[in-house]
1. Which residues, taken from region 37-54, are in contact with a strand residue (DSSP E or B) (Cβ under 7 Å, 6 or more places away or on another chain), farther than 18 Å from residue 108 by Cβ and either assigned to a loop (DSSP other than H, G, I, E, B) or modelled with pLDDT under 75 (or both)?
2. Would you mind telling me which numbered condition in (1) at pLDDT below 85; (2) of a type outside the set (D, E, K, R); (3) touching a Leu at 6+ places or on another chain (Cβ under 8 Å) residue 88 fails?
3. Restricting to region 100-126, name every residue that is under 17 Å from residue 44 (Cα atoms), part of a strand (DSSP E or B) and open to solvent by 10 Å² or more (accessible area, probe 1.4 Å).
4. Would you please name the residue that is surrounded by the fewest Cβ atoms within 10 Å (Cβ to Cβ), looking only at residues in region 63-99 that are of a type in the set (Asp, Glu) and assigned to a loop (DSSP other than H, G, I, E, B)?
5. Kindly list, by first and then second residue, each pair from a residue in region 48-61 that is among the charged types (D, E, K, R) to a residue that is surrounded by 11 or more Cβ atoms within 10 Å (Cβ to Cβ), limited to pairs with Cβ atoms under 8 Å and residues at least 6 apart or on different chains.
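The values are calculated or read from the model by the stated rules, or taken from the named source; none is laboratory data. Here the structure is a predicted model, which means the values were calculated and not measured. So basically every Cβ, Gly included, is an ideal-geometry build from the backbone, and we count neighbours across all protein chains shown. When the accessible area is computed, the model is the full protein with side chains, heavy atoms only, and any ligands, DNA or RNA have been set aside. Shrake-Rupley method; radii C 1.70, N 1.55, O 1.52, S 1.80 Å.
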Amino acid sequence: MLLSLAILSCTENDLRVSKASSEGNSEIVKTTLIGCRVEIIAQFPGGNDKLNQFVATTLKRNSEKFIQGRVFVSFVVDQQGAIKEPVILRGIDACKSCNEAALRMVGEMPNWIPANIQGTPMRQKLVMPIKFGIDK
C-alpha cells in the first residue's frame, strides 16, 4: 500500500491577518493560522514506511472487503503533533463504512512530528488519500 500526503496550497497572505486600527492604519496581527510554507513538513513518527504499516494494519481490521476507491481525508497536525480536525473531503459513495474507517484511522494515528519554520513548531493542514482495493 502506498500513501502520499498533499500539502494544501496557500499564499504568504494566508499566514498573516491585516487588522484596521481605530486611526485607520493597518497592523499585522500574529495568528496561529495553519502554516503552508514551512521548512520541514509534518511527519509521521518513523517516516512514510511506518505510516504505510500503520495504515495497512489499521485498515485491515476496519475496512470492508470487495470495495475499490479512494477516500481523501484532511487533517491538521498541531504544534504538539496532535491530529486535529479530521474531515472527509471526498469519500466512496458506495461504501460509507470505508469513509468511516478512513476517518477513524486518521483519528487513531499517534502524534506526528510537527512542521516547523525556523525551529518553531507550526500547525499544518494535510490531505491523505487512502486507497481501498479489491480483496482477492
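1. Looking only at region 37-54, we keep the residues that are in contact with a strand residue (DSSP E or B) (Cβ under 7 Å, 6 or more places away or on another chain), and these are 38-43, 45.
Narrowing the set further to residues that are farther than 18 Å from residue 108 by Cβ leaves 38-41.
Correct list: 38, 39, 41.
2. It fails just one condition, (1).
3. Of everything in region 100-126, those that are under 17 Å from residue 44 (Cα atoms), part of a strand (DSSP E or B) and open to solvent by 10 Å² or more (accessible area, probe 1.4 Å) turn out to be 113, 116, 121, 122, 125.
4. Among those residues, the one meeting the criterion is 93.
5. 50/44
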